[in-house]
Amino acid sequence: MDASSSSSAAGLGSVDPQLQHFIEVETQKQRFQQLVHQMTELCWQEKCMDKPGPKLDSRAEACFVNCVERFIDTSQFILNRLEQTQKTKPVFSESLSD
C-alpha cells in the first residue's frame, strides 16, 4: 500500500461503518432519483407526449418503452466507458511517485 492509499484508508477507518453504509445507500438513492427525473423529463416532456389526455395511445406507449430502453442502454454504455477510462488512466498520485 502506498502513502496516499494508506492515508485515505486511515481517513475512512475513523468513520463509523454504519454511517458510511448509510451515506452510500443514500447516495445511490439520490443517483437513482436523478436518473428517473432525467428519464421522465426526456421521455415524457420532450419525446413522446404531444398533448396530455385521459389515456395513452399505442404510439405514445411504444415511444415511452423505446425511450426508456434507449435511456438505460445509453446510461449503461456511458458508465462502462467511464470505468474503462478510469482503469487505463494512471492515478495522479501514483504517477508523481514514479
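The values are calculated or read from the model by the stated rules, or taken from the named source; none is laboratory data. The shown structure was predicted, so the numbers you read here are calculated from the model rather than taken from an experiment. Backbone-built Cβ (ideal geometry, glycine too); neighbour counts: all protein chains shown. Areas reflect the complete protein model, heavy atoms only, side chains present, ligands, DNA and RNA absent. Shrake-Rupley method; radii C 1.70, N 1.55, O 1.52, S 1.80 Å.
When restricted to residues that are open to solvent by 80 Å² or more (accessible area, probe 1.4 Å) and not aliphatic (A, V, I, L, M), segment 74-85 contains 5. If I filter segment 15-29 for residues that are of a type in the set (S, T, Y), surrounded by 10 or more Cβ atoms within 10 Å (Cβ to Cβ) and at pLDDT 90 or above, do I get at least one hit? Yes; the residues of segment 15-29 include at least one that is of a type in the set (S, T, Y), surrounded by 10 or more Cβ atoms within 10 Å (Cβ to Cβ) and at pLDDT 90 or above. Contact map, segment 15-40: residues that are closer than 16 Å to T74 by Cα paired with residues that are surrounded by 11 or more Cβ atoms within 10 Å (Cβ to Cβ), Cβ distance under 6 Å, separation 6+ or inter-chain. Pairs shown: M39/F71. Being at pLDDT below 85 and over 25 Å from the mean Cα position of the chain (by Cα) is a property that A60 lacks.
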